[in-house]
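In what follows, a single structure is set out as structure tokens and then discussed.
Every number here is computed from the coordinates shown, using simple stated rules; none is lab data. Just so it is clear, the structure is predicted and the values come from calculations on it, not from any experiment. Positions of Cβ are backbone-derived with ideal geometry, glycine not excepted, and every protein chain shown enters the neighbour counts.
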Amino acid sequence: MTKILGIIGGGQLGMMIAEAAKDMPETVSKIIVLDPTKNCPAAQVGAEQIVADFKDRDAIIELSEKSDIITYEIESGDSNVLKSVEKNAEINPSPETLHIIQDKFLQKTFLKEHGIPVPEFIEISNIQDVKEGLKKFGYPALLKARRDAYDGRGNFKIDSEEMIQTAYDYFEGQKLMLEKFVPFKMEVSVIAARNTKGQIKTYPLVENIHEDNILRQTIAPARVSQEITKNAEIIASQTMDVLKGAGVFGIEMFVTQNDQIVINEIAPRVHNSGHHSLQSSKTSQFKQHLLAILGLDLGDTKLIHNTIMYNILGSKGFEGKYQPIKIENNNIFLKMYGKEISKPLRKLGHLNIVGTNDESIDQLLEKLESIKEKTIVKQSN
Ligand code: ATP
Ligand code: MG
């Protein structure tokens, strides 16, 4: 029986889920996305669109009435509204799981209570709490918005006492937490999936390099010892054991100076650090997400080729239309998201450099260097 799939959010993640769904016509007959931007990336690949804010109650109700199953590409949806429309459509991951994950403080409290390592953190209700917390953690520490943060925009690093007031004022009115700074050796992540029947599969550990608080590059597999890889995989599977809900989850972690793993955060959705899977694995994370929420057997997650994923980000210097990016090279897969306007550091596309001929990570990194110039986003004339 075919199903109508509703997706909250029609940006690049929704677009790539929609593309994966188009390859499963026997299972998904139609895709509807809810997104405030007219002709959003997912609509450009054939999804029907409801143009409305992600939190628009009426629009979510409309989506649920039109869909058999609902998923999301962003974690900022209203979990109460989603809960109330469960009678209309199945929602995966569940609104309960979304509720825990979308609040970084609740999420970390949940993980800590289940014995999963996280950085030290406290809840912040007033500026005095920040001062107390800094006495405990020392400098630097991160003041974080508990909700609706992405691409590092909800974080303020406090390096000294003089910065406390500025940091606190920056978040005016938002719910906050304070977190100890982890001087990590490396950032890594695991993409994990669980289907509605409880089957779990994880993709191999990858290494993530951030610039300006945004993911710039993912290296698959991560260049760490087998011991660290194993430890990260154990922690990822412990996390999946305690976290309910079907779908793909992105589990971001730090490798500490003494080679321990702590979780930074979990995304209840497909994740930028899993884009390599479009070419590096038999099953992309987008296909896997669909298999998971539709209750089908999960696909193979083995890494077939070393792969580097490099994000194409809007240049810092301008906002507006940009020149097309062109890269013609065997085994380099460019994916642009169809966004008309570039903004500083906006995610406009990515490329996967795939080691189809058994190239080492170093060789792939050299290849990336040789084409980086072509990925610079320039204003169109
Ligand atoms: P994104 O959407 O990019 O995943 P976000 O806005 O939800 O991010 P976080 O993942 O919490 O924010 O943080 C963004 C980046 O800031 C992390 O990838 C890491 O580089 C850095 N960071 C966050 N927390 C800490 C910490 N406790 N210690 C050191 N660095 C941190
Ligand atoms: Mg993050």
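Brief remarks follow.
- Sorted by Cβ density within 10 Å, fewest first, the residues Tyr139, Tyr310: Tyr139, Tyr310
- Subtracting the Cα-Cα distance of Lys87 and Ser360 from their residue separation scaled by 0.36 nm leaves 93.2 nm.
- With 32 Å as the limit, the listed pairs Lys22/Lys201; Lys22/Lys347; Lys180/Lys374 have Lys180/Lys374 beyond it between alpha carbons.
- Subtracting the Cα-Cα distance of Glu65 and Asp53 from their residue separation scaled by 0.36 nm leaves 2.6 nm.
- Between the range 71-133 and the range 176-225, the alpha-carbon center distance in angstrom: 18
- Binned Cα-Cα distances of the range 120-180, short to long, each 10 Å bin given as a whole percent: 26, 63, 12
- Principal semi-axes of the equivalent ellipsoid, √(5λ) from the alpha carbon gyration tensor of the range 186-375, are 27, 19, 17 Å from largest down.
- Cα gyration tensor, the chain - rounded (a/c under 1.5), prolate or oblate: rounded
- Order of Glu86, Glu373, Glu252 under a 10 Å beta carbon neighbour criterion, fewest first: Glu373, Glu86, Glu252
- For Ile116, the shell of other residues with beta-carbons less than 14 Å away shows a net charge of -4, using +1 for Lys and Arg and -1 for Asp and Glu.
- Dipole in debye (nearest 20) - the range 251-381, about Cα centre, beta carbon charges: Lys, Arg +1; Asp, Glu -1: 720
- The chain: relative contact order in percent, alpha carbon pairs under 8 Å with at least 6 residues between: 13
- The Cβ shell under 13 Å around Lys287 holds other residues with a net charge of -1, Lys and Arg each +1, Asp and Glu each -1.
- Positive minus negative residues near Val130 (Lys, Arg vs Asp, Glu; Cβ under 15 Å): -2
- Overall form of the range 36-137 per C-alpha gyration tensor (a/c, 1.5; a/b vs b/c): prolate
- Note on Gln44 and Phe181: the extension gain reaches 45.2 nm, defined as 0.36 nm multiplied by sequence separation minus the Cα-Cα distance.
- Structure note, pairs Lys3/Lys321; Lys135/Lys244; Lys55/Lys343: Cα-Cα distances above 27 angstrom occur for Lys3/Lys321; Lys135/Lys244.
- When shorter helices are ignored and each DSSP H run of at least 4 residues is given -39500 (n - 2.57), the per-residue value for the chain at 222 nm works out to -8000 deg cm²/dmol.
- Note on Ile200/Leu106: beta-carbon distance plugged into 1/(1 + (r/R0)^6) with R0 of 30 Å gives a FRET efficiency of 0.85.
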